Amino acid sequence: MDAHRPKYQSIQVLPLAGALGAELLGVNLKTLEDTAGWKEIHRAFVEYSVIVFRDQDLAPADLMRVGAKFGEPCHYPFVVGMEGFPYIFEVVKEPAETRNFGGAWHSDTTYLRQPPLATLLYAVETPSHGGDTLFANTRAAYDALSEGMRKTVDTLIGVNSAELKYGGGRTAMHKKIAGMKIQDTEAADQYLSEHPVARTHPETGRKALYASRGHTTHFKGMTEEESAPLINFLAQHQTRPEFTCRMRWAPGTLTVWDNRCTQHNAINDYHGQRRRMRRLTVGAQTPS
Ligand code: SIN
């Protein structure tokens, strides 16, 4: 992060870790109209990649309005949206449930041709402890590669699939999570997209790693067997502790993350307690 950039005037910014993430204080998203305030929020989003607002009181219509500041809403193909709000769905883990949603390192829906640039996740009900989300800065991870490895990844195209590692498709996987309202489709194999492994962020011009064990099956022109060692290396490298931050939730917390230069992982360590979140993705964009 650049120490010479102008400071924030209308919001307070409290960084969460050295690599990424910041809490933005002094903001009421329900009532915020101020253009200068939104400009600063957007600047913080680009600068910190993960921004967190505490103690917000957001109905689904408010969440749609906040999301619209970042981009057009995107449809998530595998889960039914909320009544009247088809783009928002609830991520729920019930007390009796042992599986969770999003519990592996990934950037959202990279198997789409135009994945969402941002995800908004709003906490409605959270466990007394646990259920945090980890984030990793994949731009810092790219920068930390050797020159030789950067040259290699710059040439690679990742093939991303929704079906990877989920026998029976993503729908079957989601059906195992009791709290989720599943879209009745088995079309996971239709979601397959090729994207550069070193993705350039359109707003910063910086490259970031854009491959994961969860979604990237192989590199174009290589077999899965040939690709696996490098996918595994990149997955481990980009989630090194110094590239991460850890976000603790409470009801009323809204987090917005930049899928173009981060990955996240929902920690599944709260069996016996309920966690209920509302999730909205926005800003379909072709990675380049
Ligand atoms: C997700 O991967 O979109 C969900 C993350 C979380 O529940 O913390």
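The values are calculated or read from the model by the stated rules, or taken from the named source; none is laboratory data. Just so it is clear, the structure is predicted and the values come from calculations on it, not from any experiment. We place every Cβ from the backbone using ideal geometry, glycine too, and count neighbours over all the protein chains shown. Calculation scope for accessible area: heavy atoms of the full protein, side chains included, ligands and nucleic acids excluded. Shrake-Rupley method; radii C 1.70, N 1.55, O 1.52, S 1.80 Å.
Brief remarks follow.
- Positive-end extreme of charge dipole, the chain - chosen from L121, L134, P60 (charges on Cβ): L134
- Mean residue ellipticity (222 nm) of the chain, computed from DSSP H runs ≥ 4 via -39,500 (n - 2.57), nearest 500: -6000 deg cm²/dmol
- Relative contact order (%) - the chain, alpha-carbon pairs under 8 angstrom, separation at least six: 35 percent
- For T126, the accessible area of its heavy atoms, probed at 1.4 Å with every protein chain present, is near 30 square angstrom.
- Around Q285: net Lys/Arg minus Asp/Glu count, Cβ-Cβ under 14 Å: -1
- When nucleic acids and ligands are ignored and a 1.4 Å probe is applied, S193 ends up with an accessible area of around 10 Å².
- Across region 1-134, the mean sequence separation of Cα contacts (distance under 8 Å, 6 or more residues apart), normalised by length, yields a relative contact order of 15 percent.
- The protection proxy used here, the mean number of other Cβ atoms lying within 10 Å of each residue, ranks peptides 281-287, 57-63 as follows, highest first: 281-287, 57-63.
- Heavy-atom accessible area with a 1.4 Å probe sorts K30, K39, largest first, into K39, K30.
- Put a dot 7 Å past the Cα of K7, heading toward its Cβ, do the same for A96, and the two dots end up 5.5 nm apart.
- The solvent-accessible area of R240, taken with every protein chain present and a 1.4 Å probe, is close to 90 Å².
- Whether region 193-278 is rounded, prolate or oblate, judged on the alpha carbon gyration tensor where a/c under 1.5 counts as rounded: prolate
- Kyte-Doolittle mean at least -1.0 and Cα axial length at least 15 Å: DSSP H helices in the chain: 35-48, 224-238
- With bins 10 Å wide beginning at 0, the percent of Cα pairs of region 12-284 falling in each bin runs 7, 30, 37, 21, 4, 0.
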